[in-house]
Every structure is written in C-alpha cells, then in structure tokens.
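Notes for the one structure printed next.
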Amino acid sequence: MSASLDELRAIVGATHVIEADADRAAFEVDWRKRYHGRARAVVRPADTSEVAAVVRWCARERVAIVAQGGNTGLVGASTPDGSGTQIVLSLTRMNRVRAIDAANLTMTVDAGCVLQTVQEAAAAQDLLYPLSLAAEGSCTIGGNLATNAGGTQVLRYGNARDLCLGLEVVSPAGEVWEGLSGLRKDNTGYDLRHLFIGSEGTLGVITGATLKLYPQPAASSTALAALGSLADAVALLQLAQSRLGAALTGFEVMNKVSLDLVRRHFAQLAQPLPPQAWTVLLEQSDSESEAHAQALFESLLETAFERGLISDAAVAANTAQSKAMWHLRESIPMAQSIEGPNIKHDIALPISAIDAFVASTDAALLQAFPGVLLVDFGHLGDGNLHYNVQPPPGVAAPDYLREHEHAVNTVVYDAVARFGGSISAEHGIGALKRDELAARKSPVALGLMRSIKQALDPLGLMNPGRML
C-alpha cells in the first residue's frame, strides 16, 4: 500500500498526503468526540481534477473514501472507521470563491469554502447568502450541502438544498459532472443536483456549488419574548406569519432549562428577560426601511401582549444587541457540551403537533428516567426541534448514557412517528441514526435508496457504513 501512496503524493503533493498518527488525529474524530476512527491517510487535493484523480486511484485500488469538510457534523458522517484502510479526502484546500454574478444573484464556490467566507464575500457585494448556523466559522459549503444543513433562517430562505442552483461532483468512478448552472429553470431530465444534496458523501464527492444570493435587507429587527407555554409560542408564530409574511426570517424557541444552562456556563452573556417557561427569539428582515420595520414589529408585539401570548419582551436597539440575542441561542449547544454528554435528537414535526409532542414525550421520559433534564430548543418556524436529554444532575453521564440511550431514543422516536415527524431534520443520518433509519423508514423508500447507491457506487467505496 505504501508504494501506491506515492501515486497519491504525485497527484496532490507529498505534504498533502498525511500519514503520521499525530497529524491524522484531528481528522479521525468527530466534533462531539463520539466517533474515533483510524485512516490509512488523509489526502488534501487542491482542485477538482486532483479529487477526480484520487477517486480514480481509490476505485482501482478498492480503497474506501470518506469525504470531509470542516468536520463539524453531529452524526458521525465524516469520520473514518477503525480499520486503518480508508482514505479521508479533506477538501479544506479547495476554498476559492470562483465567481459572483450579481445580476444573476449567484455565487460559485469550491466545496471547501467556509460558510462564513461565503457570507462575507456576498456582503462585500451588498448581497446576502442567508444560510446561517452556529458552526459557520468552520463548516464548509460541501458539508452543508452533503447534509442539507438548515440553520436559523430556513423559515424565510429554506435549507441548503433550496439555496443551491448547481453542483460540480466527482462520481465514484472518478468522472466529473459539471453541473454548475446558475439557472432557476432547467427541465432536462432527472434533477441530479437534488440527488447529491443530502447524500452525505455516499454517492459522490461535491467539489463545487453555485449558490443563490439575495439583496441585503434594508433593515432588520430582533426581539426576545417570554411565554408561559409552547402552545402560546405556536400561536405567536401564526400571528407573526400573518403580520410579517415573508419578512419573518427567524423564529427560535428555547425552554427554561436550555437558557438556564447558558446562564450557568456563560454568566457573562446578558439575558434581558427573567427566566420563563419558554422564550422565543424572532427576527424580521424588511426591504423598505428601518421605520417600516420598527412599526411592523411594534404592532406585532403589542397585539401579542393584548392577546396574552407573551408576558415580556425585549427588542434589540442596535446590531450589537441583536447579535447578543442570537449569541444566547447559539450558545445552548456549547453550554450542553460543558455540562456533559447528552442524548441529542434533531427531529422535525408538523408545527401543529409540537406542543402535544413535547407535553406527552416530556412526561413519558420523566416517568421512565426520573431527574433527567429536557433541553428543548430549535427552529419552531420550520418545525425543527432539538430535543435533547441531559442525565440527572450529579449522575455519571457516560455510564448513564451507555445504560439508557437506546431506551431514551425509543421513547422519543416512537413519539416522533406517532406525531408524523422525522428522526432527522438537519443533521443527517451518518452512523448515529443509520440503524434507526433502517428500522423506521419505509421499506419501499429504503429499497429505492439502496438501488440508487448500487447503481452509482457498485463497489461501495463512497463513505461505506453511513446512512445505509
């Protein structure tokens, strides 16, 4: 095998084939430190032609490939297994913004571009790339598309899938599909772009993308609102949608436990509202003016007070306050991480069912597992709830999780199925939910997915053991 690696060194450069144990280590563990693997080598190509050449070598040598971007995933989709035979294909050197077409409102980028870099490149042209999530300073566009990432503005702009017009992909055979069209209408056969988006590297390697851009809003408004129940939050969402329409860009919900964790571990972060059962973070983007945005927002909140939906509210007076409010929301996962290991559930539900789901599932979990902390937060506007279970205070978390994780998951996922939801909203399947997918997905759907995998990757070399 070491002689064969000489060929990879000739393709990407000797310094970009990483073999030493210490140098590989960062590529072999996931962000949550849940999955630890061992790769034969980490290979870092500089462009699409090098990716294609590496993939052709892997196909010839029958070596499995694990494509990796910023390695910020939460389901173990980009971590090698423990065999020491797989190649981690890191795309972080492929970080160019290839072109911006302001008239067409598109940007074409390498897959290894960091999301924040794309946002900043759009802003420099007075344009907006609206995908936004907590890991935006390190996650990459290729990973965003491979997992169909969501984030905080899905309500207005959609998931990563909705923000992509074209892809460049290297197939499992090492061929390059040049599909970087900026067209918004193209009815010329199967939509291959949508096939690769969300496929988690199991069908090919995304190397480039053409992304949708939008004009920068003329003004935005951000507020926190305190509520007594999740039902009130759903009613507030309906009111906000009727008053603000498409201008409503974000609607996040956080329970008291989640903000208590932030208060405990990030005491320096000001929380402008006293603790309540539920807190909503809402944001609107206005295309007219600051005055117009402020008038709409004030009217919305006044009506919500009058109807008894909210008991208190704080409106950001400037950009700094708005960022501080979002920082509270984005600090919840890190506060959980500091608190200790937990059981994460990234689920989607009909918005109309979320209140009943939380009430019944909270009760079932607390009865079965007394003392657990239920950390509920997420993107209520699009029905995506991060429904996380923290072990009881003072309990040895690793031991507790090993003993109870499967039973907790069964309670949660059975409830998700009962309420017509999905076990994965925006994080993907990876290794973490592969068995759950096999048990809970329609057999017809699974059969079709396996047929597609077999047709495109007959050797089974693209991210094996993930998703299917």
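The values are calculated or read from the model by the stated rules, or taken from the named source; none is laboratory data. Keep in mind that this is a model prediction, so the values were computed, not measured. Using ideal geometry, Cβ is built from the backbone for each residue, glycine included, and neighbour counts are taken over all protein chains shown.
Restricting attention to the range 38-61, which residues are without any contact (Cβ under 8 Å) to a residue 40 or more places away in the chain and either crowded, with 21+ Cβ neighbours inside 10 Å or touching a helix residue (DSSP H, G or I) at 6+ places or on another chain (Cβ under 7 Å) (or both)?
The answer is Glu50, and nothing else.
Only helices (runs of 4 or more DSSP H) wholly contained in the range 85-204 count here; list those with 1 or more residues that are among the polar types (S, T, N, Q) and not assigned by TED's automatic domain parsing to the domain that holds Cys58.
Filter on the range 85-204 gives 115-124, 141-146.
I want to confirm something. Restricting to the range 304-363 and keeping residues that are surrounded by 14 or more Cβ atoms within 10 Å (Cβ to Cβ), out of contact with any helix residue (DSSP H, G or I) (no Cβ under 7 Å at 6 or more places or on another chain) and of a type in the set (S, T, N, Q), which single residue is modelled with the lowest pLDDT?
Ser337
How many residues, within the range 360-414, are part of a helix (DSSP H, G or I), touching a Leu at 6+ places or on another chain (Cβ under 9 Å) and touching a residue at least 24 places away in the same chain (Cβ under 8 Å)? Walk me through how you get there before you give the answer.
Within the range 360-414, the subset part of a helix (DSSP H, G or I) is 360-368, 380-382, 397-414.
If we keep only those that are touching a Leu at 6+ places or on another chain (Cβ under 9 Å) as well, we get 361-362, 365-366, 380-382, 408, 411-412.
Going one step further and asking which of them are touching a residue at least 24 places away in the same chain (Cβ under 8 Å), we end up with 361, 365, 380-382, 408, 411-412.
Here the count works out to 8.
Of a type in the set (Gly, Ala, Ser) and surrounded by fewer than 18 Cβ atoms within 10 Å (Cβ to Cβ) - does that describe any residue in the range 274-288? Before you say what the answer is, go through the steps one by one.
First, pick out the residues of the range 274-288 that are of a type in the set (Gly, Ala, Ser): 277, 285, 287.
Filter once more, so that each one left must be surrounded by fewer than 18 Cβ atoms within 10 Å (Cβ to Cβ): 277, 287.
Yes: one or more hits.
Scanning for something touching a Leu at 6+ places or on another chain (Cβ under 9 Å), over 14 Å from Ser322 (Cα atoms), among the β-branched types (Val, Ile, Thr) and not assigned by TED's automatic domain parsing to the domain that holds Gly378, does the range 269-286 turn up at least one residue?
There is at least one residue in the range 269-286 that is touching a Leu at 6+ places or on another chain (Cβ under 9 Å), over 14 Å from Ser322 (Cα atoms), among the β-branched types (Val, Ile, Thr) and not assigned by TED's automatic domain parsing to the domain that holds Gly378.
Where residues in the range 290-326 are outside any helix (DSSP H, G or I) and among the charged types (D, E, K, R), which of them is nearest to Ala226 (Cα to Cα)? Write out each step before concluding.
At the first step, the residues of the range 290-326 found to be outside any helix (DSSP H, G or I) are 307-318.
Still in the running and among the charged types (D, E, K, R): 307, 312.
Values: Arg307: 14, Asp312: 5 Å.
Among those residues, the one meeting the criterion is Asp312.
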